[in-house]
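Novice: The structure under discussion is supplied below as structure tokens; questions concerning it will follow.
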Amino acid sequence: MSDLLRQLLMLPDPASEAAREIDVLHFVVLGTTLVGFLAVACVTAWWLWRYRRRGDRPTERVTGSRRLELSIGGALLTLFVGWWVVGFLQYLDLQDAPEGAEEIYVTGKQWMWKFAWPSGRAVVGVLPVPVDRDVRLVLTSRDVVHSFFVPALRMKQDALPGRFTRLDFRADRLGTYPVYCAEYCGQSHARMGATVVVLSAEDYADWVAGRTPATLVPLLKGREVPDVAAEGGLAAEGRRVMQRVGCLACHSLDGSPSVGPTLLGLYGSEVELQGGERVVADSDYLTRALRDPNGQIVAGYDPVMPSFEEQLSAEERVAIFEALRALGDEEAP
Ligand code: CUA
């Protein structure tokens, strides 16, 4: 039944449980509105006939019923709000990967998608992911607004310059699925595509370890990016970036006090700000901290940090986050 409906609506076969649930809501909404449309059309036709002009006989006077109107209106409202609630829960589901999900960084730029792994692997246009495992994509853009759209997974998320957005999913079918850019971003927007490749657990482990499984060989031809982060993975690259732009002049990596708070154990921890507010130091917080450091001062420190908005590329920021994440696993003394 679902398959027939998908064919009728020209929807690609879903590759995750979440996608199947989204389809069910889609079918229920379409089915209900179709039934509603037919009911309204039939009633209209009947009334046309019933209240047609008959010689000189005046049409009988019709009076409305407030109760009937309110109950029909209320029922429709309940129905629509119900759909919204279900849809909203499905939307939240796409940002709700459990701890330990496989994290992959996605950078959009005119006009390609680049994917990077904490191990330092990076590739343009091909996104290998493991089957039956939670994956979290952390998206950003190097230039304008793009939108990462995978029809087979029924998910779409904007990639914004200077910000990080998330997309969580769990693919359960091996295969290759097209990715499109769904936000007009210039001349070659229509060609800004990529391919999601859902790999078996073994093949994916191979991929992360730096080998290339046979299924990927034809897809990867000429696409692997020379590894900027080959030496020690993304985290090591992040440390080099921090050294170069001067973060380490004011922040220590070993927990010792300095001009600014130490970076050891920062990532993912709760930070107390001036004024007593507490925030979690995740990629959102760190993005804000790099752009406008004095917007949220950590309790006990002075507002002396300059903005690093202009000095860091999207890739460098990703590398810094990865370095901080690696440090976050260690406890501050
Ligand atoms: Cu990128 Cu359209």
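The values are calculated or read from the model by the stated rules, or taken from the named source; none is laboratory data. None of these values were measured; they are calculated from a predicted model. Ideal geometry is used to build each Cβ from the backbone, glycine not excepted, and the neighbour counts take in all protein chains shown.
Novice: Residues in segment 143-150: is at least one more than 13 Å from the ligand (Cβ to nearest atom) and of a type outside the set (G, A, S)?
Specialist: Yes, some residue in segment 143-150 is more than 13 Å from the ligand (Cβ to nearest atom) and of a type outside the set (G, A, S).
Novice: Looking only at segment 46-69, filter to residues that are in a loop (DSSP other than H, G, I, E, B) and of a type in the set (D, E); which one of those is nearest to the chain's Cα centre (by Cα)?
Specialist: Out of the qualifying residues, it is E60.
Novice: If you check V150 against the conditions, is it surrounded by fewer than 18 Cβ atoms within 10 Å (Cβ to Cβ) and either under 21 Å from E316 (Cα atoms) or modelled with pLDDT of 90 or more (or both)?
Specialist: Here the answer is no, as V150 does not meet what is asked.
Novice: If you don't mind, another one. List the residue pairs whose Cβ atoms are under 6 Å apart, where the first residue sits in segment 137-165 and is on the phi < 0 side of the Ramachandran plot, the second is assigned to a loop (DSSP other than H, G, I, E, B) and more than 14 Å from the ligand (Cβ to nearest atom), and the two are 6 or more positions apart or on different chains.
Specialist: V138/F164; T140/F164; P151/P12; A152/P12; A152/A15; L153/A15; M155/L94
Novice: Now a separate question. Yes or no: segment 272-283 includes at least one residue that is out of contact with any helix residue (DSSP H, G or I) (no Cβ under 6 Å at 6 or more places or on another chain) and in contact (Cβ under 8 Å) with a residue 60 or more places away in the chain.
Specialist: Checked against the condition, which is being out of contact with any helix residue (DSSP H, G or I) (no Cβ under 6 Å at 6 or more places or on another chain) and in contact (Cβ under 8 Å) with a residue 60 or more places away in the chain, segment 272-283 yields no hits at all.
Novice: Quick check, is V43 among the β-branched types (V, I, T) and in contact (Cβ under 8 Å) with a residue 12 or more places away in the chain?
Specialist: Spelling it out, it is not the case that V43 is among the β-branched types (V, I, T) and in contact (Cβ under 8 Å) with a residue 12 or more places away in the chain.
Novice: While we're here: What number of residues within segment 209-222 are farther than 23 Å from P178 by Cβ and either of a type in the set (A, V, I, L, M, F, W, C) or surrounded by fewer than 10 Cβ atoms within 10 Å (Cβ to Cβ) (or both)?
Specialist: Here the count works out to 1.
Novice: Additional query: What is the residue count in segment 116-127 for residues that are away from the ligand (no atom under 16 Å from the Cβ) and under 16 Å from the mean Cα position of the chain (by Cα)?
Specialist: Final tally of qualifying residues: 1.
Conditions (1) modelled with pLDDT under 80; (2) closer than 23 Å to E309 by Cβ; (3) among the β-branched types (V, I, T), marked per residue:
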| residue | (1), (2), (3) |
| --- | --- |
| A235 | yes, yes, no |
| R239 | no, yes, no |
| C247 | no, yes, no |
| S256 | yes, no, no |
| P261 | no, yes, no |
| Y267 | no, yes, no |
| E272 | no, no, no |
| G276 | no, no, no |
| V279 | no, yes, yes |
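Novice: If G175 satisfies all but one of (1) surrounded by 16 or more Cβ atoms within 10 Å (Cβ to Cβ); (2) away from the ligand (no atom under 16 Å from the Cβ), what's the number of the condition it fails?
Specialist: (1)
Novice: Quick one: would you say V43 is within 24 Å of V81 (Cα to Cα), of a type outside the set (K, R), part of a helix (DSSP H, G or I) and not assigned by TED's automatic domain parsing to the domain that holds L167?
Specialist: No; evaluated as a whole, the condition is false for this residue.
Novice: Out of the residues in segment 75-115 meeting the condition of being in contact with a strand residue (DSSP E or B) (Cβ under 8 Å, 6 or more places away or on another chain) and aliphatic (A, V, I, L, M), tell me which one is nearest to the ligand (Cβ to nearest atom).
Specialist: Out of the qualifying residues, it is M112.
Novice: Pull out all pairs, ordered by first then second residue, where Cβ-Cβ is under 6 Å, the residues are six or more apart or on different chains, the first lies in segment 183-201 and is within 8 Å of the ligand (Cβ to nearest atom), and the second is at pLDDT 90 or above.
Specialist: These pairs meet every condition: E183/V145; E183/H146; E183/S147; C185/V144; C185/H146; H189/C181; M192/C181.
Novice: So which residues in segment 83-121 are buried (at least 18 other Cβ atoms within 10 Å of the Cβ) and β-branched (V, I, T), if there are any at all?
Specialist: Of everything in segment 83-121, those that are buried (at least 18 other Cβ atoms within 10 Å of the Cβ) and β-branched (V, I, T) turn out to be I104, V106, T107.
Novice: So is E322 surrounded by fewer than 17 Cβ atoms within 10 Å (Cβ to Cβ) and either modelled with pLDDT under 80 or part of a helix (DSSP H, G or I) (or both) or not?
Specialist: For E322, the condition - surrounded by fewer than 17 Cβ atoms within 10 Å (Cβ to Cβ) and either modelled with pLDDT under 80 or part of a helix (DSSP H, G or I) (or both) - is not met.
Novice: Can I ask one more? Listed residues G295, G246, G260, G268; which is under 25 Å from V138 (Cβ atoms), in contact with a Cys (Cβ under 6 Å, 6 or more places away or on another chain) and not assigned by TED's automatic domain parsing to the domain that holds S119?
Specialist: Testing whether each residue is under 25 Å from V138 (Cβ atoms), in contact with a Cys (Cβ under 6 Å, 6 or more places away or on another chain) and not assigned by TED's automatic domain parsing to the domain that holds S119 leaves just G260.
Novice: For P130, only one of the following conditions fails: (1) within 16 Å of the ligand (Cβ to nearest atom); (2) in contact with a strand residue (DSSP E or B) (Cβ under 8 Å, 6 or more places away or on another chain). What is its number?
Specialist: Result: P130 fails condition (1) only.
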